[in-house]
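Please read the structure below before turning to the comments.
The values are calculated or read from the model by the stated rules, or taken from the named source; none is laboratory data. What you see is a predicted model; the values in this text were computed from it and never measured. As a convention, Cβ positions derive from the backbone with ideal geometry for all residues, glycine included, and neighbour counts pool all protein chains shown.
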């Protein structure tokens, strides 16, 4: 993420004045006004850190610098040197509706890579802050989407019978995506970006059937947080919510509570273990796979005697389960996995 450190040029006009400036003694008073409570003013408030949860952290001011203050008729009142965020925040908070401030342009910005940028007016200042905020939003959104060892569960809030309810996305930090629909896993890509001021999530699933037709869109992200995102495209709206508490994320053994009156036996949803098998586009050259579950490695190798993936009761305790990954179209074996399930006593 780019981070700007703004450095304000001195106030003394050594050679000439801009046509937007009015000289007061030796000082150059810029009349490129920023009105109190305007959008740009509120952005400056956020940069100063007055409200921690709203603070814009991708831009730091390099103190000291001077602000010009104007009254309701935009008559110059005073120039005040700012020395730190707290002082800047207090001043901005104390100004009254109708008053204005201005900065002594041009100001310079330094990117983290050492590149210098020059900002010559409030329009360019607003553009720089907007770009910074967009990059910060993208960074936060991408970090939330690709939290390791978490899944994103799909819900259609307007249709409880939507067949894609409870399907799952696993979005990886390298931009690859796994889409889990029942026992099938599809592979693709994801990327976020802005279209003007709108945040978008582009999803591409490598599939030319109804799965690809449902998901391969440039989705508008109407809302996002670390735990919930709302996607819309045309008349479609989906919510995806995160789950980082699956058994396979926390322990090597998948444990469930014993059934009442059946010591040593429990009911297991084996399907949720597919998110932890480590399958990726490299597993089958990007082609979709189907996961089935078997009680013996030989059955898994032969692709026979598959057990229920959502409601399986163990036959021994503990017990090894063997997931088989096969090509969705041809049924050919791709990989064999193994994990342990165990029925445990719960209070």
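When the residues of the stretch 222-235 are narrowed to those that are assigned to a loop (DSSP other than H, G, I, E, B) and either outside the structural domain of residue 171 (by TED's automatic domain parsing) or within 12 Å of the chain's Cα centre (by Cα) (or both), which ends up nearest to residue 144 (Cα to Cα)? Before you say what the answer is, go through the steps one by one.
Initially, the stretch 222-235 is screened for residues assigned to a loop (DSSP other than H, G, I, E, B), giving 225-227, 234-235.
Checking the rest, the ones that are also either outside the structural domain of residue 171 (by TED's automatic domain parsing) or within 12 Å of the chain's Cα centre (by Cα) (or both) come to 225-227.
Details: 225: 7, 226: 5, 227: 8 Å.
For the stretch 222-235, the residue satisfying everything is 226.
Please go through the stretch 141-186 and pick out each residue that is farther than 27 Å from residue 311 by Cβ and touching a strand residue (DSSP E or B) at 6+ places or on another chain (Cβ under 8 Å).
Within the stretch 141-186, the subset farther than 27 Å from residue 311 by Cβ is 141-148, 158, 171-177.
141, 142, 144, 145, 146, 147, 158, 171, 172, 175, 176, 177, listed by residue number.
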Just to be sure, is residue 238 at pLDDT below 95 and either in a helix (DSSP H, G or I) or buried (at least 17 other Cβ atoms within 10 Å of the Cβ) (or both)? no
Could you look through the stretch 106-155, keep only residues that are at pLDDT 85 or above and part of a loop (DSSP other than H, G, I, E, B), and pick out the one that is farthest from the chain's Cα centre (by Cα)? 121
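For the stretch 279-347, please list each of the strands (runs of 3 or more DSSP E) lying entirely inside it that holds at least 3 residues being free of Cβ contacts under 8 Å to residues at least 24 places away in the same chain. If you could, list the steps in order and put the result at the bottom.
On the way: elements: 289-294, 319-327, 333-336, 339-344.
Of the strands (runs of 3 or more DSSP E) lying wholly inside the stretch 279-347, none has at least 3 residues that are free of Cβ contacts under 8 Å to residues at least 24 places away in the same chain.
Rundown of residues vs (1) closer than 27 Å to residue 143 by Cα; (2) modelled with pLDDT under 95; (3) surrounded by 17 or more Cβ atoms within 10 Å (Cβ to Cβ), yes/no style:
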{"residue": "210", "(1), (2), (3)": "no, no, no"}
{"residue": "247", "(1), (2), (3)": "yes, yes, yes"}
{"residue": "252", "(1), (2), (3)": "yes, yes, no"}
{"residue": "265", "(1), (2), (3)": "no, no, no"}
{"residue": "274", "(1), (2), (3)": "yes, yes, yes"}
{"residue": "283", "(1), (2), (3)": "yes, yes, yes"}
{"residue": "299", "(1), (2), (3)": "no, no, yes"}
{"residue": "305", "(1), (2), (3)": "no, no, no"}
Using the structure shown, decide if residue 326 is loosely packed, with under 13 Cβ neighbours inside 10 Å and modelled with pLDDT of 95 or more. no
